[in-house]
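Below is one structure, written out as structure tokens; comments come after it.
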Amino acid sequence: MGSRYRGVRNLSAIEVKNLTVRYDGYVAIEDVSITIDHPSLVVVMGPNGAGKTTFLKALLGLIPYNGTVSIFGKSPRKVRDRLGYLPQRERINLNVPLKVRDVVLLPLISRKTGIKRYDVKRAKEALEAVGMVDFWDSRFDSLSGGQQQRVLFARTIVTDPDILILDEPFSAADVRTKLALIDLLHKLKREKTVIIVLHDINPLVECTDRVILLNRRVLAYGTVAEVITEDNLEKLYGTKIPVIRQGPVCYVVGGDRHA
Amino acid sequence: MLDILLIRALIAMVLIAVVSATIGSFSVFRGSTFFVSGIAHGALAGASLGIFISLNFFGVDPLLIALLFSVFFAVIIGYASHRSENVDIAIGVMFAFSMSIAVLFLSMIREYASVAWGLIIGDVLLLTASDMILLSVSVVTVVILFFVFYRRLLFVIFDPESAEALGLHVLRYETLLFVLIAVGVVALLKCVGAILVYALLIVPAASSRRLFGSVEGTIAGAFIISLISGLGGVYLSIYLNVAPSALAGLIAAIIYSISLFR
Ligand SMILES: Nc1ncnc2c1ncn2[C@@H]1O[C@H](COP(=O)(O)OP(=O)(O)OP(=O)(O)O)[C@@H](O)[C@H]1O
Ligand SMILES: [Mg+2]
């Protein structure tokens, strides 16, 4: 099942125009307009409650919105099989005693009845990619937070989507896990568009194409060098955050901002 | 004559164990066990309305009204749970409303209250042929739908947002699960009564979840624990001459306490 959009370059993956989302009248995000190239890696940053998750959900067509979202020229609901979503880990129900293999197989088999050998092969490959294939028969709820996150990452890539939408995928990861996942992202972004919510951009600075600073509205959208400035970060978080620059690379000091 | 009643009781206990294994396990996974006792009392309210109608207006099987009531509640709660995180309040309101309705009609049919009493505590040793047909048809329907939608239901319980993102209609499947629970509960009503539905539907599944872990293990274990409780209850009741559902509930609760020490 090869991808229809693989190899297509410089096509815009996502076009968002005047996107506004309200929850019972409360405006969570307002008038967001951006275009995202394919393939590319886009980081979304902003303080808690800024509307980052809301933005991702609108891209996925999971919540009602005003404005337009078009993905490969179509509405999100029409291209669902090309999207992979990794929700914030807190949203998952650990009461269900699934095995690791069940978790990764779910997206492949939830719409048919039997399990094909081909599905098992793909699930194993996805777990291999995140270094969790040895846990094939383990219970998901018995894993550590970081291991769970790796398994969920595998579940997100198992359907081989063209666009990956990841909500804080490193929140429970230790340094080693984080580096392994970043390595994987480096490979994936060669042919996929990755949209990723992060509180700490530093480990991804080298492979980030664009950054969105979001706080209800888009404060800035551009390359890392353009967007990650002390002025912008102060506007975003409301406190002074030093930025160190080395050529095109810059680092946010005290990266993990939960301001 | 006792023989046929006993055989019916034993068959009923097997069917109840099937409901516990399937619907009971998934209710435990979803953390919807309060919903189960809420629905049981909703069914009771429907049944007492049914008894009231057949005494005063026209003949109707109270269990049919019970089924309508509980399915109606299931759809409402399914919708409410989709809209807000905490549905326990909505279920509590349904619970209170149901009990008010039940008490209202029971107080109006005082002289026939024993009929209603049968639905509150149940009597598995008094099942009629038509009760058996209703029970078997509902259990078979529930089990078929359960296994057809097994993986989709699991996905929706485990991670509704990702399921929705992959194109599963979460509201539809959650409502389906709630309706299956409602049908399962009504099937049990005549056998074990509204009060003890929880004891035979949820307690075995909860113990099994603790003892056996995996999804398949929980389902198989819940079947066995519910069967042991149900058959044990019937068997002991013949010697002790007390209500079998009460004994079954006690056995299930004892097994649960043992599972806590694992
Ligand atoms: N289902 C909902 N109903 C009502 N309000 C909501 C809902 N979901 C989010 N909100 C509100 O919308 C705002 C944005 O929420 P969102 O989850 O998108 O923020 P976020 O940037 O992802 O935050 P975090 O960093 O904490 O994950 C918050 O003020 C939140 O309270
Ligand atoms: Mg969020």
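Inside the stretch A:127-161, residues that are more than 14 Å from every other protein chain (Cβ to nearest Cβ) and in a loop (DSSP other than H, G, I, E, B) make up a count of 4.
Results for (1) at pLDDT below 90; (2) more than 16 Å from ligand 1 (Cβ to nearest atom); (3) of a type in the set (Val, Ile, Thr), shown as yes or no for each residue.
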{"residue": "A:49", "(1), (2), (3)": "no, no, no"}
{"residue": "A:84", "(1), (2), (3)": "no, yes, no"}
{"residue": "A:88", "(1), (2), (3)": "yes, no, no"}
{"residue": "A:91", "(1), (2), (3)": "yes, no, no"}
{"residue": "A:103", "(1), (2), (3)": "no, yes, yes"}
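Among the residues of the stretch A:104-114, the one identified as more than 9 Å from chain B (Cβ to nearest Cβ) and without any contact (Cβ under 8 Å) to a residue 24 or more places away in the chain is A:114.
The set of residues in the stretch A:170-188 being at pLDDT 90 or above and either basic (Lys, Arg) or within 16 Å of ligand 1 (Cβ to nearest atom) (or both) consists of A:187 alone. Looking at residue B:153, is it open to solvent by less than 20 Å² (accessible area, probe 1.4 Å) and modelled with pLDDT under 90? So residue B:153 fails the test.
Restricting attention to the stretch A:79-94 and to residues that are more than 16 Å from ligand 2 (Cβ to nearest atom) and in contact with a strand residue (DSSP E or B) (Cβ under 8 Å, 6 or more places away or on another chain), the residue that is farthest from residue A:196 (Cα to Cα) turns out to be A:79. In the set (1) within 11 Å of chain B (Cβ to nearest Cβ); (2) under 26 Å from residue B:32 (Cβ atoms), residue A:83 fails one condition alone, (2).
Suppose we keep only residues that are over 20 Å from the mean Cα position of the chain (by Cα) and part of a strand (DSSP E or B) within the stretch A:21-31. Which one would you say is nearest to ligand 1 (Cβ to nearest atom)? Among them, the one singled out is A:23.
Yes or no: residue B:32 within 15 Å of the chain's Cα centre (by Cα), within 14 Å of chain A (Cβ to nearest Cβ) and among the polar types (S, T, N, Q)? Judged against the criteria, residue B:32 is a match.
The residue of the stretch B:141-155 that is nearest to the chain's Cα centre (by Cα), among those that are more than 10 Å from chain A (Cβ to nearest Cβ) and farther than 12 Å from residue B:173 by Cβ, is B:142. Across the stretch A:89-103, the number of residues qualifying as facing chain B (nearest Cβ under 7 Å), within 21 Å of the chain's Cα centre (by Cα) and surrounded by 15 or more Cβ atoms within 10 Å (Cβ to Cβ) comes to 2.
Of all the criteria given as (1) open to solvent by 40 Å² or more (accessible area, probe 1.4 Å); (2) touching a residue at least 40 places away in the same chain (Cβ under 8 Å); (3) β-branched (Val, Ile, Thr), the one not satisfied by residue B:144 is (2).
The rows are residues; the columns are (1) open to solvent by 10 Å² or more (accessible area, probe 1.4 Å); (2) part of a strand (DSSP E or B).
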{"residue": "A:36", "(1), (2)": "no, yes"}
{"residue": "A:43", "(1), (2)": "no, yes"}
{"residue": "A:48", "(1), (2)": "yes, no"}
{"residue": "A:56", "(1), (2)": "no, no"}
{"residue": "A:62", "(1), (2)": "yes, no"}
{"residue": "A:67", "(1), (2)": "yes, yes"}
{"residue": "A:77", "(1), (2)": "yes, no"}
{"residue": "A:85", "(1), (2)": "yes, yes"}
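Yes or no: residue B:43 more than 23 Å from residue B:115 (Cα to Cα) and either of a type in the set (Phe, Trp, Tyr) or surrounded by 24 or more Cβ atoms within 10 Å (Cβ to Cβ) (or both)? No, not satisfied. Within the stretch A:159-192, being open to solvent by 20 Å² or more (accessible area, probe 1.4 Å), over 21 Å from residue A:76 (Cβ atoms) and within 16 Å of ligand 2 (Cβ to nearest atom) holds for A:171, A:172.
Per-residue answers, yes or no, for (1) touching a Ser or Thr at 6+ places or on another chain (Cβ under 7 Å); (2) open to solvent by 30 Å² or more (accessible area, probe 1.4 Å); (3) over 20 Å from residue B:198 (Cβ atoms):
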{"site": "B:50", "(1), (2), (3)": "no, no, yes"}
{"site": "B:69", "(1), (2), (3)": "no, yes, no"}
{"site": "B:72", "(1), (2), (3)": "no, yes, yes"}
{"site": "B:97", "(1), (2), (3)": "no, yes, no"}
{"site": "B:113", "(1), (2), (3)": "no, yes, yes"}
{"site": "B:135", "(1), (2), (3)": "no, no, no"}
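Looking across the stretch A:11-26, the residues that are open to solvent by less than 30 Å² (accessible area, probe 1.4 Å) and more than 16 Å from ligand 2 (Cβ to nearest atom) come down to A:13, A:14, A:16, A:19, A:20. Tallying residues that are in a loop (DSSP other than H, G, I, E, B), open to solvent by less than 60 Å² (accessible area, probe 1.4 Å) and within 16 Å of ligand 2 (Cβ to nearest atom) within the stretch A:193-250 yields 4.
The values are calculated or read from the model by the stated rules, or taken from the named source; none is laboratory data. Just so we're clear, the structure is a prediction, and the values are computed from it rather than from any experiment. Note that each Cβ is placed from the backbone with ideal geometry, even for glycine, and that neighbours are counted across all protein chains shown. Calculation scope for accessible area: heavy atoms of the full protein, side chains included, ligands and nucleic acids excluded. Shrake-Rupley method; radii C 1.70, N 1.55, O 1.52, S 1.80 Å.
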